[in-house]
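Shown next, in structure tokens, is the structure this report addresses.
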Amino acid sequence: MIRNYIKTAYRSLLKNKGFTAINVLGLSVGLATCLLIVFYVVDELSYDKYNVNADRIYRITENVKLHGNEGSYAGTEKPLMDALKVFPQIEKVVRLIPVNSLFLSPQKFYIRKGNSNIQERNIVFAESNLFDVFTLHMIAGSPSTSLTEPHSAVITESTAKKYFNKTDVVGQTLTINDTSQYKITGVIKDVPSQSHFNYDFFLSYSSIPEYRASGWGYASLHNYVLLKPGTDIKNLEAEITKLQIKNSFSPIAWTTGGNYLRAELKPLLDIHLRSTSLYELNKGGSIQYVYIFSLIAIFILLIACVNFMNLSTARSSNRAKEVGVRKVLGSARKYLIFQFLTESILITLVSTIIAVVIVMLLMPLFNQMAAKHLSITANSLSWLLPSLLVIVLVIGLLAGSYPAFFLSGFQPIEVLKGKLAAGFKGGFLRSFLVVFQFSISIFLIIGTMVIYNQLNYIHNKNLGFNRNQMLVIKNTDILGKQAKILKQEIKQMPGVANATMSIYLPTSEDRNVTGLFPELPIDIKHDVLSEFWPVDDDYMNTLGIKLIQGRNFSSQIASDTAAMIVNEAFVRKLGQKDPLNKTLYRDSYGIQPYHIIGVMKDFNFSSLRDEIKPVALYYSEDRGSITASVKTANLSALMSQIEDRWKNLSPNQQFSYSFMDQDFDATYRSEQRVGTLFISFSTLAILIACLGLFGLAAYAAEQRNKEIGIRKVLGASVSGIVSMLSMNFIKLVFISILIASPLAWYIMNKWLQDFAYRTAVHWWIVALAGMVAVLIAFVTISFQSIRAALANPVKSLRSE
């Protein structure tokens, strides 16, 4: 019986090649898109799950509000871990300190390889119990002792091959910054890409001066705990909060004026997608985007299913006589239902196979767009194959159920009398489904335009500094005193307008936050929490930062070593109309006074999602990056000249550079990727919807074939017939616009609220999206309508 169903279904599908092709193409594209999104979502949700005890690992996060300054911090104090070891709920503790959190040691590390020094960024200092908490598979060395001794190092497998061309390197030595020797005590497998940290070097924490620093003021360590099963998280958070407040600079400060200090145990599995704390070890993802793409996958799948249902019911009149004859010959309704469901499942099966092939072909391109390393592996097959089987059955039954019950319900006497010849016209459900899929398409069009508009706004916004044609020469601190010589030489080169030297740039990740106090004795209630950047006297002129009050730094004025230039946000926070010559105090290894000599215009130095925060520049011959304002048509010649000079000064050091506009774009790379993916998925959704509309238009024209012939004989014009055939569909598109527009406007406005600096959902975006939808629908329908209108009426009426 089943064999007969399959054979009959195959013949029926082969007989209606156009119907089959449209359905298979729509379902294949829809399923392929859905599968790509599923791979993306599964990858995002799998972060840190490689850890055996992932569900019991937590990071201690500090949530703070103090005198208007509010924030969440991934780092906490060093003594906290020692105090937590006595808590009975805690099984293991471990501390990690990334290099950009060091305050007594250099923040840049160069590893010797042959005669060259290579800068490495993926370095972290850790304790020996790192391997008791995290599942990092060691292939050489002892996990329990590898980081116990000072100047010990555990490196990844790929790092061992990079520096030694082999993995058997335990006992070998790494030379760091030409001054420190670290003995390799272990080699681990590469940290999985689905991890909230991806380090290549794990150095012993006891090797650095920060290990011996005491006190609760230094809060830059990432403290992790492995909890015992059944621990009451809220109760433990309250205990840790009490401990932190007790040991803080002023316990009473956290109980007044709306201030608070709260410890939060952030689950390891939530860090990548649900943590927005400052000083994360890695830039995480967004659960919001996971939800958005999951919704798009569901939408695309629904559109593909709707196409199938619409086309199946639309061609009901073509199969009405078949159903009538079958019923007259004794076929029961349940057998007809099985027959139609078999056809549906067969189409879905073929579409699924084609979809998997499409996914395999498009996976490299998708990885490039999404910055992922996705692939179909043995592990993924364990969930992919059962999922595909479920998809075939669910979509086959879901998409085929209505056509199956609809077609099998025809009365044979009415069918054979020809009373169902107008089967296309009375389809309320079909009209509803067309409205549904075009509402989704219009929603995606509006969403795409808003995202593109916001990204374009970010790219073109005046940030308050010049980022174009700004060459950033990195790692100049390794040159020592020669860095200043290099800066002066670059400044004199033809094609260079100006040059400055500072580690802190608006587009860099380096940040330095400090508290500045307006009076003595220091009162924490009145501090201004501010970025505090050392710069030279060429900094503002080179970057084009506008000075609106006072003067710039001068190397000729000795008192400028204790001077500051602050931004407008700093002045607002300080609460003084005339801040010039105002002295503020910094508590850092003693009280240090700084007087304000100028006020600069606000400039964006972080994501446009955030408001501009206070910034104070102070004068210092700090080594860092050399930034040059370039004004030349022959950039390659200038770069060669600079590189030659670099090699003369430091032949063994790698010459590394970037352009500031590229660094800026990197800040918004995740948004750009999301925008690209959103546009791609929206285009595919619209394409699938158009395929369905194309098929419906074809069947509408076919069923009204004789009507069109009679109208042409009676003198109807081609444009009149096209208008008649198109109008019903265009009405449905207009209804879709009315439904989708307010919903898209509301949701996209909510998305834009995440940006402190944003564009708006303008009325013309909604209008343009509606016009695009109508145009797409009209063009799709017109092809079939014009074809029907131009057909010879004799062919359609010769049997009358």
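The values are calculated or read from the model by the stated rules, or taken from the named source; none is laboratory data. In this text the structure is predicted, and so the values were computed from the model without any measurement. Here the Cβ positions follow ideal geometry from the backbone for every residue, glycine too, while neighbour counts run over all protein chains shown. Heavy atoms of the whole protein, side chains included, go into the accessibility calculation; ligands, DNA and RNA do not. Shrake-Rupley method; radii C 1.70, N 1.55, O 1.52, S 1.80 Å.
Numbers at a glance
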{"item": "Amide proton proximity set for Glu91, modelled H, under 5 Å, gap of 5+", "result": "Leu226, Leu227, Lys228"}
{"item": "14 Å Cα-Cα reach of Lys266 towards aspartates and glutamates, excluding residues that sit fewer than 8 places from it in its own chain", "result": "Asp48, Asp55, Glu62, Asp232, Glu237, Glu280"}
{"item": "Gln181-Ala378 FRET efficiency (beta carbon distance; Förster radius 41 Å; 0.05 resolution)", "result": "0.45"}
{"item": "Within the chain, percent of DSSP bridges classed antiparallel, to nearest 5", "result": "75"}
{"item": "Sequence-distant residues sharing a close amide H with Ala563 (under 5 Å, placed H)", "result": "His595, Tyr619"}
{"item": "Nonlocal amide H pairs with Gly544, under 5 Å, H built at 1.01 Å", "result": "Asn466"}
{"item": "Derived scalar couplings ³J(HN,Hα) [region 26-37; Karplus, 6.51 cos²θ - 1.76 cosθ + 1.60; whole Hz; x for Gly, Pro]", "result": "x, 5, 4, 5, x, 5, 5, 4, 4, 5, 4, 5"}
{"item": "Cleavage-rule hits (GluC sites (Glu not before Pro)) in region 479-528: DSSP loop, at most 16 neighbouring Cβ within 10 angstrom", "result": "Glu509, Glu519"}
{"item": "Stokes-Einstein D in µm²/s, Kirkwood radius over Cα pairs - region 578-692 at 37 °C with 0.692 mPa s viscosity", "result": "163"}
{"item": "Listed residue (Gly544, Ser658, Phe406) projecting farthest to the positive dipole end of the chain, Cβ model", "result": "Phe406"}
{"item": "Charge context of Asp132, other residues only, Cβ under 10 angstrom, K/R +1, D/E -1", "result": "-1"}
{"item": "Positive dipole terminus of the chain, leading residue within Met470, Leu84, Gln492 (C-beta point charges)", "result": "Met470"}
{"item": "Dipole of the chain [Lys/Arg +1, Asp/Glu -1 at C-beta], most positive-end residue of His526, Ile208, Ser286", "result": "Ser286"}
{"item": "Pairs beyond 28 Å (Cα-Cα), from Lys85/Lys113; Lys461/Lys582; Lys78/Lys242; Lys108/Lys461; Lys92/Lys283", "result": "Lys85/Lys113; Lys461/Lys582; Lys108/Lys461"}
{"item": "Counting DSSP beta bridges with both ends in region 90-227, the antiparallel % (nearest 5)", "result": "75"}
{"item": "Student exercise, region 557-608 dipole from Lys, Arg, Asp, Glu Cβ charges, in Debye to nearest 20", "result": "140"}
{"item": "Solvent exposure, largest accessible area first (probe 1.4 Å, DNA, RNA and ligands not counted), of Thr542, Thr175", "result": "Thr175, Thr542"}
{"item": "Dipole in debye (nearest 20) - the chain, about Cα centre, beta carbon charges: Lys, Arg +1; Asp, Glu -1", "result": "4100"}
{"item": "Loop trypsin sites (Lys or Arg not before Pro), region 19-60, which have at most 15 other Cβ atoms in a 10 Å radius of their Cβ (DSSP)", "result": "Lys49"}
{"item": "Estimated dipole of region 566-682 in Debye, rounded to 20 [Cβ of Lys and Arg +1, of Asp and Glu -1, Cα centre]", "result": "180"}
{"item": "Sequence of Met449, Met748 from largest to smallest accessible area, 1.4 Å probe", "result": "Met449, Met748"}
